[in-house]
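S.K.: The structure follows.
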Amino acid sequence: MGKSGFPRLLHPTVDAVNVRDVAVFYGELLGLNYDADVADGEPQWVELVDSTGAVRLAVQRVDSLTQTTWPSPDVPMQLHLEFIVDSRDELSRHVERACALGAIVLMDRSDERDEQVFVLADPAGHPFCLLSRVELY
């Protein structure tokens, strides 16, 4: 629960030329549900919801989108999402799943000791991170 009087994050929204593809990608990757009308035509807006019905991510249609060139600074990330998993094995599994769903790996820092990170791009080119942290004793 956020502090009273401050805005609270509702949900992130990503732009996409092909809303359906991006909504299906994130729905499958994150186990979220989306509107049935995603299958019919090209929607302007899709909300992805969890099992309680809470909106976790939205995708909105834009006519054009300049894909990021990150890590080159020519076109910055603009926005990226970060997802954390519980173990190195889970990280590998989810990176494989993401790639099978259409993501591409932009950066692999899985050899880091404290925090293993993959930066991937979704089918529309939006970067996102999948990471796992190791507790050191």
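The values are calculated or read from the model by the stated rules, or taken from the named source; none is laboratory data. What you see is a predicted model; the values in this text were computed from it and never measured. Cβ coordinates were reconstructed from backbone atoms using ideal geometry, including for glycine residues, and neighbour counts include every protein chain displayed. Quick note on the areas: whole protein, heavy atoms, side chains included, nothing else; ligands and nucleic acids left out. Shrake-Rupley method; radii C 1.70, N 1.55, O 1.52, S 1.80 Å.
S.K.: Looking at segment 1-55, which of its residues are at pLDDT below 90 and of a type in the set (A, V, I, L, M)?
M.R.: Within segment 1-55, Met1, Leu9, Leu10, Ala36, Val38, Ala39 qualify.
S.K.: Here's a follow-up. If you check Pro71 against the conditions, is it touching a strand residue (DSSP E or B) at 6+ places or on another chain (Cβ under 9 Å) and either of a type outside the set (Lys, Arg) or without any contact (Cβ under 8 Å) to a residue 60 or more places away in the chain (or both)?
M.R.: yes
S.K.: Out of segment 94-115, which residues are in a helix (DSSP H, G or I), surrounded by 13 or more Cβ atoms within 10 Å (Cβ to Cβ) and without any contact (Cβ under 8 Å) to a residue 40 or more places away in the chain?
M.R.: Val95, Cys99
S.K.: Something else: If a residue has to be free of Cβ contacts under 8 Å to residues at least 60 places away in the same chain and under 24 Å from Arg20 (Cα atoms) to count, how many in segment 77-90 make the cut?
M.R.: 5
S.K.: Is segment 128-135 home to any residue that is open to solvent by 80 Å² or more (accessible area, probe 1.4 Å) and in a helix (DSSP H, G or I)?
M.R.: no
S.K.: Ok, one more. Hey, among the residues in segment 8-17 that are within 16 Å of Pro127 (Cα to Cα) and not small (Gly, Ala, Ser), which one's least open to solvent (accessible area, probe 1.4 Å)?
M.R.: Among those that are within 16 Å of Pro127 (Cα to Cα) and not small (Gly, Ala, Ser), it is Val14.
S.K.: Report, by residue number, each residue of segment 113-130 that is small (Gly, Ala, Ser) and in contact with a Leu (Cβ under 6 Å, 6 or more places away or on another chain).
M.R.: Passing the criteria: only Ala121.
S.K.: Sticking with this one: Give me the residue from segment 32-87 that is among the aromatic types (Phe, Trp, Tyr) and within 30 Å of Asp114 (Cα to Cα) and, out of that set, least open to solvent (accessible area, probe 1.4 Å).
M.R.: Phe83
S.K.: Can you spot a residue in segment 116-124 that is among the aromatic types (Phe, Trp, Tyr) and surrounded by fewer than 17 Cβ atoms within 10 Å (Cβ to Cβ)?
M.R.: No, that holds for no residue.
S.K.: Of the residues in segment 89-137, how many are within 15 Å of Trp70 (Cα to Cα) and of a type in the set (Val, Ile, Thr)?
M.R.: Total meeting the criteria: 3.
S.K.: Suppose we filter segment 116-127 for residues that are outside any strand (DSSP E or B) and out of contact with any Gly (no Cβ under 8 Å at 6 or more places or on another chain); how many remain?
M.R.: Residues flagged as outside any strand (DSSP E or B) and out of contact with any Gly (no Cβ under 8 Å at 6 or more places or on another chain) within segment 116-127 amount to 3.
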